[in-house]
Amino acid sequence: EFLRMGNAVGQEFIDRWWQAVSADTPFGERMRAYQKSILGIRQQPFRARGEHAEIERLIANFSQHGASVIVVNSPESPLIFEQYQDSAYYAAHVRFLRGLASKYKNVSFHDLAEALPVEDFNDWHHVNYIGAIKLGERYAEFIRQVMSERSNGS
């Protein structure tokens with residue numbers, strides 16, 4: 001469905017969500033497996049390897065060539081974010097992203113982890129089309145800011 005939970009908002013959305021996640025359906029199975037993997041990661045120590053190392057390599061390359069880079073910590077559904085936001089792993093992940101902005105020239109960091117309400121998500125992590133519209137405005141503002149700074153010689 002385009003909006004998996006219909007037009008539900010707030011507690012009605014949350015109730016429908018947990019019903020769907022608990023159901024013996026392919027969607028419910030996928031969401032429970034994803035939840036388990038995300039929550040399992042929070043127990044591990046953070047190491048900047050794999051995709052984190054590759055992100056840094058790309059940013060270093062772009063920065064070296066004078067490109068502006070906008071690093072965004074993606075929005076998370078409050079229904080899963082509340083389960084790991086206080087973990088040491090997540091704190092180190094955000095420090096890593098924030099550190100890229102201070103380490104490399106022309107790099108900015110924006111934390112949108114808590115930018116959207118629960119009803120703007122189609123699953124744990126992916127926004128629905130309403131969430132995408134809202135984020136589009138935020139991303140456009142980040143780009144305008146960078147372009148303004150570049151044109152002013154900042």
Förster radius 35 Å - calculated FRET efficiency between Q35 and L58 (Cβ-Cβ, nearest 0.05): 0.75
Got a sec to turn the phi values of region 34-43 into Karplus ³J(HN,Hα) couplings, 6.51 cos²θ - 1.76 cosθ + 1.60 with θ = phi - 60°, whole Hz, x for Gly and Pro? 5, 4, 4, 5, 5, 6, x, 5, 4, 7
Rounded to the nearest 10, the angle in degrees between the Cα long axis of helix 51-64 and the longest principal axis of the Cα atoms of the chain comes to 30 degrees
Most fluctuating of F96, F81, F27 in the GNM of the chain (C-alpha, under 10 Å) is F27
Magnitude of the Cβ-charge dipole (Lys and Arg +1, Asp and Glu -1) of region 6-49 about the Cα centre, nearest 20 debye, reported as 440 debye
With all protein chains present, calculate the accessible area of S63 using a 1.4 Å probe and round the result to the nearest 10 Å². 20 Å²
Taking Cα atoms, the helix 129-151 axis meets the longest principal axis of the chain at an angle in degrees (rounded to 10) of 10 degrees
H65, H52, reordered so the largest accessible area comes first (probe 1.4 Å): H65, H52
Taking H110, H126 and ranking on accessible area (1.4 Å, protein atoms only), highest first, one gets H126, H110
Using Cα positions and a limit of under 30 Å, work out the lysines in reach of K36, with same-chain residues fewer than 8 apart set aside. K134
Angle check, please: helix 88-103 long axis (alpha carbons) against the longest principal axis of the chain (alpha carbons), in degrees 0 to 90, nearest 10. 30 degrees
If each part is reduced to its alpha-carbon centroid, region 42-67 and region 3-33 end up apart, in Å, by 33 Å
Relative contact order for the chain: what percent, with Cα pairs under 8 Å and sequence separation of 6 or more? 27 percent
If you count only protein heavy atoms and use a 1.4 Å probe, how large is the accessible surface of R144, to the nearest 10 Å²? 130 Å²
Carbon/sulfur fraction of accessible area - the chain, other protein chains in place, 1.4 Å, %: 53 percent
Over what distance in Å are the Cα centres of region 98-154 and region 74-97 separated? 16 Å
Taking the Cα centre of region 78-123 as the origin, how large is its charge dipole in debye, to the nearest 20, when only Lys and Arg (+1) and Asp and Glu (-1) carry charge on their Cβ atoms? 580 debye
Residue-normalised accessible area of the chain, given per residue in Å² at a 1.4 Å probe: 61 Å²
Per the helix-only model, the chain has a calculated mean residue ellipticity at 222 nm (DSSP H runs of ≥4, -39500 (n - 2.57) each, divided over all residues, rounded to the nearest 500) of -19000 deg cm²/dmol
By its C-alpha gyration tensor, with a ≥ b ≥ c as the square roots of the eigenvalues, how is region 19-75 shaped: rounded for a/c under 1.5, else prolate for a/b larger than b/c, else oblate? prolate
Tell me the accessible surface of S68 in square angstrom (1.4 angstrom probe, heavy atoms of protein chains only), to the nearest ten. 50 Å²
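The values are calculated or read from the model by the stated rules, or taken from the named source; none is laboratory data. What you see is a predicted model, and the numbers here were worked out from it, not measured in a lab. In this analysis, Cβ positions are derived from the backbone assuming ideal geometry, glycine residues included, and neighbour counts consider all displayed protein chains. Quick note on the areas: whole protein, heavy atoms, side chains included, nothing else; ligands and nucleic acids left out. Shrake-Rupley method; radii C 1.70, N 1.55, O 1.52, S 1.80 Å.
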